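The values are calculated or read from the model by the stated rules, or taken from the named source; none is laboratory data. None of these values were measured; they are calculated from a predicted model. A quick note on method: Cβ atoms are made from the backbone with ideal geometry, for glycine too, and the neighbour counts reach across all protein chains shown. Accessible surface areas use protein heavy atoms only, side chains included; no ligands, DNA or RNA. Shrake-Rupley method; radii C 1.70, N 1.55, O 1.52, S 1.80 Å.
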Amino acid sequence: MKALKILSLVALIMFSYCDPPIHKQPEFISYNLYLNFQDSSGNDLVNGIEINNSLDISKDSYALDIIISEPCWNWDNDSYSAPAKPGFEPDVNSPKLGISKYNGYSYLTNQFGLPLEDCPTQEILTYKIKCPYIFGDDTVHELITYWDIPKGKRNPSAKCYRIAFEGNEITPSPMDNYDYVYTAAITME
């Protein structure tokens, strides 16, 4: 019994002087983009798309593929998804589109993230979107987005400074009070 008390006392002293092990959370970089599409008369083409309870658009209504400019282990440009984690569902982690209202318009929303460890920062992302409700056809439309990556911040949010779409250049702007979300209105001709 005396040996147990001494061992407990030694263990208590050891743990009080040692720092507990720190489990470092992985860092991610976020690419947050909200896109409004309008016709030449200024009509909101996103308004009216049906959404589910989590404010996502039904996968039957659109297709979204994101291509990163510098491939890394955590994103597959061929399947447009993050690799599955053992034991987790779903086994394919594809990007999703949601809808949000901002300044009286509806926006397609996408929050995309990649880990910083062992992945180069992505300064160009290509969004391939098929959405007959907006575009009026089953064609895949490409938006090439350009991003600045802040240095020295934990879990930084990239800043979108240019979008190229069907021969047009669009300058996105940060959302009021949310400088980590970039918005753009795209006029369809």
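Listing for the model above:
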item: Vicinal HN-Hα couplings computed from phi for region 180-189 (Karplus, 6.51 cos²θ - 1.76 cosθ + 1.60; Hz; Gly/Pro x); result: 9, 10, 10, 10, 8, 9, 10, 8, 7, 9
item: 73, 147, reordered so the largest accessible area comes first (probe 1.4 Å); result: 73, 147
item: Per residue value of the accessible surface for region 108-177 (all protein chains in place, 1.4 Å probe), Å²; result: 53 Å²
item: Inter-probe distance in nm under a simple model that places probes 7 Å from Cα toward Cβ, at residue 41 and residue 27; result: 5.0 nm
item: Sequence-separation-based contact order of region 28-187, relative, with Cα cut under 8 Å and 6+ spacing, percent; result: 29 percent
item: Gain in span if fully extended, residue 171 to residue 58, counting 0.36 nm per residue against the direct Cα distance; result: 37.8 nm
item: Under 15 Å, Cβ to Cβ, from residue 168 - net charge with Lys/Arg +1 and Asp/Glu -1; result: -4
item: Within the accessible area of region 28-187 (1.4 Å probe), percent carbon and sulfur; result: 47 percent
